[in-house]
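S.K.: Questions regarding the structure given below will be posed in turn.
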Amino acid sequence: MGRPTTKSDLISAANKNFEEMKLLASSLTEKELSTPFEFDEKKKEAHWKRDKNLRDVFIHLYEWHQLLLNWIQANQNGANRPFIPEPYNWKTYGDMNVEFWMKHQNTALDEAEKMLNQSHEQVMKLAETFSNEELFSKGVYPWVGSSTLGSYFVSATASHYQWAIKKLKAHRKIVIPKRL
């Protein structure tokens, strides 16, 4: 399936990818969980160096859910807020991700998982409150800009879960190159 462009596809893809990610995470062995993430130096994106374990991945997803939830709530209540909160912007959001990472270095994995499960549920419930047109028609909400509200939901859920799946699979491949 390509990138969702309807409410039903958004909800289906988000839940499917979330379940796939959770299944993959739950299948990690003790060795895979206890071995810090270390990826090939050829991988240039900052997240390959930033996230060192499953907790870091779960927290990253949780924090991006919070961005979405807070952004929508603020704008629906009349505050004109950008998706990326100040002092960050789309050019500096990597620094924001590092701040999220630092903020949660003492968060336990089981707590991170609980937080992620709850925030996923909140995001899905919020998505249900919008019509297909509200999610995927441009210009419905001025605070969304030239995109659609649905594209933000897709990015914070289905696409981000695919990112996590890719990262966990890459870690698994490095820790145990030939699983039986």
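The values are calculated or read from the model by the stated rules, or taken from the named source; none is laboratory data. None of the values given here were measured: they were computed from a predicted structure. Cβ: placed from backbone, ideal geometry, glycine included. Neighbour counts: every protein chain shown. For the accessible areas, the whole protein counts, side chains as well, though only heavy atoms, and no ligand, DNA or RNA atoms are used. Shrake-Rupley method; radii C 1.70, N 1.55, O 1.52, S 1.80 Å.
S.K.: How would you order 6-16, 86-96 from highest to lowest mean count of nearby Cβ atoms within 10 Å?
M.R.: Top of the packing list down: 6-16, 86-96.
S.K.: While we're here: Give me the net charge of Glu121's neighbourhood, meaning all other residues with Cβ under 12 Å from the Cβ of Glu121; Lys, Arg count +1, Asp, Glu -1.
M.R.: The answer is +1.
S.K.: Roughly to the nearest percent, how much of the accessible area of the stretch 59-180 is carbon and sulfur, given a 1.4 Å probe?
M.R.: 52
S.K.: Based on the mean of other beta carbon atoms within 10 Å per residue, what is the order of 136-147, 56-67, most packed first?
M.R.: Result, highest mean Cβ count within 10 Å first: 56-67, 136-147.
S.K.: Once you list every other residue whose beta carbon is under 13 Å from the beta carbon of Glu134, what net charge do they have if Lys and Arg are +1 and Asp and Glu are -1?
M.R.: 0
S.K.: Sticking with this structure for a sec: Around Phe58, what is the net charge, scoring Lys/Arg as +1 and Asp/Glu as -1 over all other residues with Cβ under 13 Å from its Cβ?
M.R.: Within the 13 Å Cβ shell, the charges total -1.
S.K.: How long is the stretch 77-148 along each principal axis, judged by its Cα atoms, biggest number first, in Å?
M.R.: Dimensions of the stretch 77-148 along the principal axes of its Cα atoms: 41, 29, 20 Å.
S.K.: With θ taken as phi - 60° and the coefficients 6.51, -1.76 and 1.60, list the Karplus ³J(HN,Hα) couplings across the stretch 137-142 in order, rounded to whole Hz; mark glycine and proline as x.
M.R.: 9, 6, x, 5, 10, x
S.K.: Related question: Here is the link list: Lys49/Lys169; Lys22/Lys125; Lys31/Lys91. Which ones come out longer than 25 Å on Cα distance?
M.R.: Distance filter (> 25 Å) returns Lys31/Lys91.
S.K.: May I pose another question? How far apart, in nanometres, would the label points at Ser12 and Val140 be if each is projected 7 angstrom from Cα along the Cα-to-Cβ direction?
M.R.: Taking the two extended label points, one gets 1.8 nm.
S.K.: State, as an integer percentage, the relative contact order of the stretch 1-122 based on alpha-carbon contacts under 8 Å between residues 6 or more apart.
M.R.: It comes to 27 percent, rounded to a whole number.
S.K.: On average, how much area does the Cα convex hull of the stretch 117-180 cover when viewed from any direction, in nm²?
M.R.: If you wrap the Cα atoms of the stretch 117-180 in a convex hull and average its projections, you get 6.2 nm².
S.K.: Further question: How much accessible area per residue does the chain have, in Å², with a 1.4 Å probe?
M.R.: 56
S.K.: Averaging sequence separations of C-alpha pairs under 8 Å and six or more residues apart, then dividing by the length of the stretch 46-180, give the relative contact order as a whole percent.
M.R.: 30
S.K.: Can you give the extra length, in nm with one decimal, that the chain gains between Thr129 and Asn77 once fully stretched, where that is 0.36 nm per residue apart less the Cα-Cα distance?
M.R.: So the chain would gain 17.2 nm between Thr129 and Asn77.
S.K.: Let me ask something else about it. Give me Rg over Rh for the chain, both radii from the alpha carbons and Rh done the Kirkwood way, two decimal places.
M.R.: Ratio of gyration radius to Kirkwood radius for the chain: 0.98.
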